[in-house]
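Below: the structure, in structure tokens.
The values are calculated or read from the model by the stated rules, or taken from the named source; none is laboratory data. Because the structure is a prediction, the values reported are computed rather than measured. Cβ atoms come from the backbone with ideal geometry, glycine included; neighbour counts cover every protein chain shown.
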Amino acid sequence: MTEQLAVMKTQLMQQSELLQNQEQVQAMHQATAQQLQNRLQQLQKKVIELNKELLFYQNITQGNSTSELQIRDLQLRPETENSDQVRYRLVITQGKNISEPITGEVIIRLQNTEGEGDEAKAVDLNITEHPLNLRHVQIIEGVFNLGELSDPEQISVSLRQKDKILISRSFDWQTETPVGQ
């Protein structure tokens, strides 16, 4: 009888170990499945962004876009290593078939509004300039250092040729969460 009891205890211990191992394997599978699900969502978001970009370039190269000079897109993403920095990407297009590129400067201003009502005016927090040398598409990328600045309310982008502003556009300040976070 004690021998049967000892055998049963041994079997019970083995079954307990087996159950514990299976629970650990199941927990690992669940964690892996969750990580894969998160990665899949990130990649799907990236595919959507790439498809938008592809459509944008197809429109330009196939002549489906307007021939006007345009500030097409401005994207802001927080820098992953430094929370005081925001990475920007600006897309400028010109659809006309021109022999000489449009040259000048691209002026990017981070702005807040001071005052209220009719007395409200934009105050520049930071001004960044880039050279403009545009034939069809120009992409300008850079980083804003926001260290001591408050979050801006808007971003104003102007294209200047000599002393003349060719086009200007303002964007609300919005950052997106970077893909991969």
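Of note:
- Looking only at the range 111-124, and only at residues there that are surrounded by 10 or more Cβ atoms within 10 Å (Cβ to Cβ) and at pLDDT 70 or above, the one that is farthest from the chain's Cα centre (by Cα): Glu114
- Ile60 being modelled with pLDDT under 70 and either part of a helix (DSSP H, G or I) or closer than 20 Å to Ile140 by Cα (or both): yes
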